[in-house]
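Quick notes on the structure that follows.
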């Protein structure tokens, strides 16, 4: 079979025809798509600002710094500064107890007991004193007679024994009264319970007209020198505070150095706060119950108004402005300080954060996430 061979003069025409056919084929074939193409997903954490017309306010985020924040505390005495008030004699409460919490000087009257027991002890002491004086007089007479060789030796010995017995009886009566906190000369049928030191009555168990037994607890007393500052802090705990850590403590006019002597074992069930105790040193100690302030190292971060922080799907964050959008930005939340909150991590310095109206942005974002659209 003979192969087809075009005439040499027709070769240019065939080349032109082939080029035209190839061009038409390229126009008919669609362009090839890239091997790896991804659909652009809609933003899930942004809110268009045009959807919220008013109620928004921003501020620039300052640089992070180590913050020392003043937290409220209260002066308190330790266990050695607390005392039980007890009845040294049986009797009946004859006067209204001193008001709890009121500052009292050492020796100030707290309450009065009318005590038949005390009256009987005073009577025994008086009788013993009278017998002692008579025995002393009898002994002196027998001694004079013995000196003059006018008395019997036996009478002198009897007088000496009587005087010794009367002296012992008088001493016993005196000790019984002093053991109940009164001197024999001042004792009568009443007993005045007095403040053991400067301080305040913490609580009373006794009331006017109540009968009490000897050694019965009447209340508790707190010495005036409050050596501790008690502070309750919200979580998280200040990481810089360990046993022995130092802090500055103040009231309206004085400043103390405080040393951490008590750490919280757990968070309070009711308050959800952690209790720390710091021992005071320096200026004269305050009264128990005095309001104090303690400078607490809360950590490195930025203080923002608490209204700026919002929680979405269990994550705390803030809304940052990005042009005409507000983007939810997760952060690490620290403790609350009055109306502010410490943000420990996650804030870009210089960015604009929404400090007012963040709750509006959260509400709008939640609607967008649920498919509510941008009304």
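Values as computed for the structure displayed
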read-out: Out of 362, 332, sole residue that is under 30 Å from the mean Cα position of the chain (by Cα) and in the same structural domain as residue 59 (by TED's automatic domain parsing); value: 332
read-out: Residue 180 being touching a helix residue (DSSP H, G or I) at 6+ places or on another chain (Cβ under 9 Å), modelled with pLDDT under 90 and surrounded by fewer than 15 Cβ atoms within 10 Å (Cβ to Cβ); value: no
read-out: Among (1) in contact with a strand residue (DSSP E or B) (Cβ under 9 Å, 6 or more places away or on another chain); (2) over 30 Å from residue 110 (Cβ atoms) - the single one residue 287 does not satisfy; value: (2)
read-out: Meets criteria (over 30 Å from residue 284 (Cβ atoms) and outside the structural domain of residue 338 (by TED's automatic domain parsing)) for residue 134; value: yes
read-out: Flag if residue 277 is farther than 18 Å from residue 78 by Cα, surrounded by 15 or more Cβ atoms within 10 Å (Cβ to Cβ) and either modelled with pLDDT of 95 or more or under 13 Å from the mean Cα position of the chain (by Cα) (or both); value: no
read-out: Selection from region 134-152 of residues that are assigned to a helix (DSSP H, G or I) and either without any contact (Cβ under 8 Å) to a residue 24 or more places away in the chain or at positive phi (or both); value: 137, 140, 141, 142, 143, 144, 145, 146, 147
read-out: Criterion: within 23 Å of residue 51 (Cα to Cα) and either without any contact (Cβ under 8 Å) to a residue 60 or more places away in the chain or touching a helix residue (DSSP H, G or I) at 6+ places or on another chain (Cβ under 7 Å) (or both) - qualifying residue of 308, 283; value: 308
read-out: Residue match in region 96-112 (condition: at pLDDT 85 or above, assigned to a strand (DSSP E or B) and under 30 Å from residue 359 (Cα atoms)); value: no
read-out: Subset of region 73-92 (residues that are touching a residue at least 12 places away in the same chain (Cβ under 8 Å) and out of contact with any strand residue (DSSP E or B) (no Cβ under 6 Å at 6 or more places or on another chain)); value: 88, 90
read-out: Selected residue (criterion: nearest to residue 272 (Cα to Cα)) from residues of region 321-337 that are outside any strand (DSSP E or B) and in contact with a strand residue (DSSP E or B) (Cβ under 9 Å, 6 or more places away or on another chain); value: 331
read-out: Residue ID - modelled with the lowest pLDDT, chosen from residues in region 34-76 that are surrounded by 15 or more Cβ atoms within 10 Å (Cβ to Cβ) and in a loop (DSSP other than H, G, I, E, B); value: 52
read-out: Residue satisfying all of: in region 340-354; assigned to a loop (DSSP other than H, G, I, E, B) and either within 16 Å of residue 311 (Cα to Cα) or touching a helix residue (DSSP H, G or I) at 6+ places or on another chain (Cβ under 6 Å) (or both); modelled with the highest pLDDT among these; value: 347
read-out: Region 221-258: number of residues that are modelled with pLDDT of 90 or more, part of a strand (DSSP E or B) and surrounded by 14 or more Cβ atoms within 10 Å (Cβ to Cβ); value: 12
read-out: Qualifying residue in region 185-208 (condition: assigned to a helix (DSSP H, G or I), in contact with a helix residue (DSSP H, G or I) (Cβ under 6 Å, 6 or more places away or on another chain), closer than 24 Å to residue 219 by Cβ and at pLDDT below 90); value: no
read-out: Qualifying position, being in contact with a strand residue (DSSP E or B) (Cβ under 7 Å, 6 or more places away or on another chain) and either in a loop (DSSP other than H, G, I, E, B) or more than 30 Å from residue 366 (Cα to Cα) (or both), among 318, 261; value: 261
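The values are calculated or read from the model by the stated rules, or taken from the named source; none is laboratory data. Just so it is clear, the structure is predicted and the values come from calculations on it, not from any experiment. We place every Cβ from the backbone using ideal geometry, glycine too, and count neighbours over all the protein chains shown.
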